[in-house]
Amino acid sequence: MFSKRKCVRYCKSSPPILACPPILNKLDNQLKLCFVGRIHPIKNLQFLLELLKGLKINIAFSIIGNEEDKHYAICLSSPRGIITSKYYGDFLGGLPHDVINDILGDHHLFILPTLGENYGHAIIEALSVGRPVLISDQTPWKNLHEYHAGWELPLSDKQAWIKAIEEAASWDQGEFDKHCLGALEYARAHTKVEELVEKYREMFGG
């Protein structure tokens, strides 16, 4: 079991990486999901909400992001409007980064079915606080499963998304902790690569 708040920053680069994940209890058939992104069609929140409606899992779902596209936000009928006995949705709006990181630590899985990202800051931030991610394959972050850090899946395969969510829900404490450590290891490995690339850019003028 991880020690609470003995974690220190692993490196000075942005985003900072925790030395160990924050403690969070994990029970079978229970999952706390967190979406961080602009409320905009490109982040594809509607895809996710439709997936969750059909699942028979105890899910707590937090949505963080500014309502950048008001029409799209209205079309979603507000996450508060899709609460059922098995599903809890909470729209938290836009929040400061330090608050977001604390909230990520209180969830089991970061989820983002984006239509496309050049980088995906929220994704690496979730990994850097030791939380596995479920994202689309339209980002630079690949081979997550090799690290036990999550999944990158095609949006055309809804069954794969459902299977991944159900698998995460089935994790016991030991399995969840393994994926949290995998997320940190992935963040460390890929942060080192990014820092090396940046040094070369500085040396050779971009």
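Readers should treat all values here as calculations from the given coordinates under stated rules, not as data from a laboratory. None of the values given here were measured: they were computed from a predicted structure. When we count neighbours, we look across all protein chains shown, and the Cβ atoms used for this are built from the backbone with ideal geometry, even at glycine.
Key figures for this structure:
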| quantity | calculated |
| --- | --- |
| Region 127-180: trypsin sites (Lys or Arg not before Pro) in DSSP coil with no more than 13 other Cβ atoms inside 10 Å | Lys142 |
| Virtual spin-label span in nm between His145 and Tyr119, 7 Å along Cα→Cβ | 2.9 nm |
| Whether region 132-183 is rounded, prolate or oblate, judged on the alpha carbon gyration tensor where a/c under 1.5 counts as rounded | oblate |
| Only Lys, Arg (+1) and Asp, Glu (-1) charged, at Cβ; region 105-156 dipole about Cα centre in debye | 20 debye |
| Dmax and Rg, reported as Rg then Dmax, of region 90-191 (C-alpha, Å) | 12.9, 34 |
| Length gained when the stretch Lys56-Leu92 is fully extended (0.36 nm per residue, less Cα-Cα span) | 10.6 nm |
